[in-house]
1. Out of the range 246-295, which residues are in contact with a strand residue (DSSP E or B) (Cβ under 9 Å, 6 or more places away or on another chain), at pLDDT 80 or above and on the phi > 0 side of the Ramachandran plot?
2. From the list Leu288, Leu362, Leu328, Leu338, exactly one residue is within 17 Å of Gly396 (Cα to Cα) and touching a His at 6+ places or on another chain (Cβ under 8 Å). Which is it?
3. How about the range 510-542: which of its residues are surrounded by 15 or more Cβ atoms within 10 Å (Cβ to Cβ), more than 23 Å from Leu585 (Cα to Cα) and among the β-branched types (Val, Ile, Thr)?
4. Mind listing whichever residues of the range 327-377 are within 30 Å of Gly599 (Cβ to Cβ), part of a loop (DSSP other than H, G, I, E, B), touching a residue at least 60 places away in the same chain (Cβ under 8 Å) and not hydrophobic (A, V, I, L, M, F, W, C)?
5. Being modelled with pLDDT under 90, closer than 14 Å to Leu344 by Cβ and touching a strand residue (DSSP E or B) at 6+ places or on another chain (Cβ under 9 Å) is the requirement here; does Arg442 meet it?
6. Could you tell me which residue of the range 573-599 is modelled with the highest pLDDT, considering only residues that are under 19 Å from Arg527 (Cβ atoms), loosely packed, with under 15 Cβ neighbours inside 10 Å and of a type in the set (Asp, Glu)?
7. Does the range 365-382 hold any residues that are out of contact with any His (no Cβ under 9 Å at 6 or more places or on another chain) and closer than 21 Å to Thr43 by Cβ, and which are they?
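The values are calculated or read from the model by the stated rules, or taken from the named source; none is laboratory data. It should be emphasised that the depicted structure is a prediction, and the values quoted were computed from it without experimental measurement. FYI the Cβ positions are ideal-geometry reconstructions off the backbone, even for glycines, and counts take in every protein chain you see.
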Amino acid sequence: MRWYFRDISDDPSEKELTQQDQFNNDEVALAEALVRETIQNSTDAQASSDVPVRVRFAIADGVVDRTLSAILDGLSPHLRAANLPVARNNESLRLLVVEDFGTTGLSGSVEIKDDGQFSGFWRRFGRSNKEGAKGGRWGLGKLVFPSASGIRSIIGLTQRLQEGDSWIMGQAILRNHVIDGRECDSVGFWCRSNGPRPGLPTDDAHTIATVKSAAGLARRSEPGLSLIVPDLLSDITEELLIAATIRNYYFPILTGRLSVEINDTVIDAKTFESLAESVSGGVTRSVLDFVRALDRASEQEPLYTLPATWQTIAITADLLGDATVTNLREQFRNGDLLRIRAPLTVRSKDGSEDKTYVDAYLRRASPGEKTQTLVVRGSITVPTEGRKFLFADCNGALVARDIAISRLLGDAENPAHTQWNERADKLRAGWQSGRTIVRKVRSLLPELHALVTERVEQVDPLALLEFFSIPKDHRQRGAANVGQGRPKDLPSSDPKPFRIEKRASGFAILPGPSIANSTFPFKLRVRCAYDVLTGDPFSRFSRYDFTFYGAGLKVEKKGAAQHVPTDANQLDVEISGADFRVDVLGFDSNRDLIIEAEG
């Protein structure tokens, strides 16, 4: 086995893979992208709908092994030439192992480029052969694995269900570089030294057994894929992997379709609830109950199916009829789970037409209950879309599982699968009126919510109080008592266990007046945005302003406090004792910062 990089000295063009930053950015942190890409690929390759998928993450520190050192030592000249860190021989490594079970492994030819998953994973970049409701579609998501390695490399072993054989090879995603006057491609392979052509894997039993033992793989003869990520970056920790799994995959885990092992922690339907309570920014008990109810309802016929004309007109009482609207409103007020099917007709650019649908779920929340909206496309969640439809008075879900609509929405997704883009090239190239359909799907939950909650516009006489005032001498007799100050009979607000203090380039979270009476641990959710002249600062927040995922902001904690970013402008803080301090610095001191904190 050797490292092989193609000679591109005579290539008239120059190309490099520059998309790795898409998996450690403002939308999604590297640990979260790693979890999402792994589980998406694994659920895509599920061997049978009757057997749940099991995914294993194992982090090992201080690994010293001759086999791995020898493999990586052969990569060293290329790392030096590409100005990247070099793993020294016999140096201890931080290692990540990612494995899936209950899957098919990478099928297809190992020698030629075809439409099989082996070629799709190892040889294809920027173009995917996945179809239907399959989660990953860009052919770029797999870059998250070398992106998690300080030496930009991985080793992969696949045991294949249909073929019954095992193959192993490695890959490095570096930069174009020059060795001995020869320009080398940025993509290289750890592959067979001999054979009909370079860049091929090996099925040598001794090599496979040696690497299995060296990396501590759990796979024996079960079909599936095992990946080894050497020199794992410090951004990837067990705690972050657990939190990302709980935040993103509670739906398939709670419904028994998926289990995840992260070192010694098992996350499945039995353990999920207890683990979720310990994760900052995790899933509340009410949301867990909602997901379980949604799973039971999905096995039944929908409560109501919208007329097909909803695709071109708004959802109103006139469209549904007074009797139907009255019935839906009554059930919503009673706390029943509403499951409403919305039929759609989609047409691809080749002229084919499919009848499809999406399902919408709404259930009224109890007073004070923290709500959440779940958006599911195929087998994956689309978290940024879910955050766009948060309702204060109910939990909601938008589920697009049918193959046709899942294909269309998948073509609208960004590479990290976190949101839809109505102007995506694949959407425009593959579908007639694709942008209109995405927009209509997005409008489904808000329109239904407005209908069943009987939302009406009301005049608020105090709405513009901060912008306009009425001189006392000019007030009309009998006018509302506006601007007279706080009424004397209102009760005083309860003191909080924390307080926010302004700093030169940020703020500090400190113990508040009632900290001595607090029950620990308690959690805070902190949101930030720069103030704007008009509108809501949070709805107008831009990731170009700042991000908790990037290097611009600095969060320093002291004492009994832990924190984790849960959005570009959102930080979850867990307080485990009365002695704590969290400083958040690095904001633009020339702009007014708005801070919202709730416990």
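1. Asn263
2. Going through Leu288, Leu362, Leu328, Leu338 in turn, just one is within 17 Å of Gly396 (Cα to Cα) and touching a His at 6+ places or on another chain (Cβ under 8 Å): Leu362.
3. Ile515
4. Those that are within 30 Å of Gly599 (Cβ to Cβ), part of a loop (DSSP other than H, G, I, E, B), touching a residue at least 60 places away in the same chain (Cβ under 8 Å) and not hydrophobic (A, V, I, L, M, F, W, C): Ser366, Glu369, Lys370, Thr371, Gln372.
5. Here the answer is no, as Arg442 does not meet what is asked.
6. Glu596
7. Those that are out of contact with any His (no Cβ under 9 Å at 6 or more places or on another chain) and closer than 21 Å to Thr43 by Cβ: Leu374, Val375, Val376, Gly378, Ser379.
Residue-by-condition table, conditions (1) assigned by TED's automatic domain parsing to the domain that holds Pro302; (2) of a type in the set (Gly, Ala, Ser); (3) out of contact with any helix residue (DSSP H, G or I) (no Cβ under 9 Å at 6 or more places or on another chain):
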{"residue": "Arg341", "(1), (2), (3)": "yes, no, yes"}
{"residue": "Ala360", "(1), (2), (3)": "yes, yes, no"}
{"residue": "Arg363", "(1), (2), (3)": "yes, no, no"}
{"residue": "Gly368", "(1), (2), (3)": "yes, yes, yes"}
{"residue": "Lys388", "(1), (2), (3)": "yes, no, no"}
{"residue": "Ile403", "(1), (2), (3)": "yes, no, yes"}
{"residue": "Asn414", "(1), (2), (3)": "yes, no, no"}
{"residue": "Ala424", "(1), (2), (3)": "yes, yes, no"}
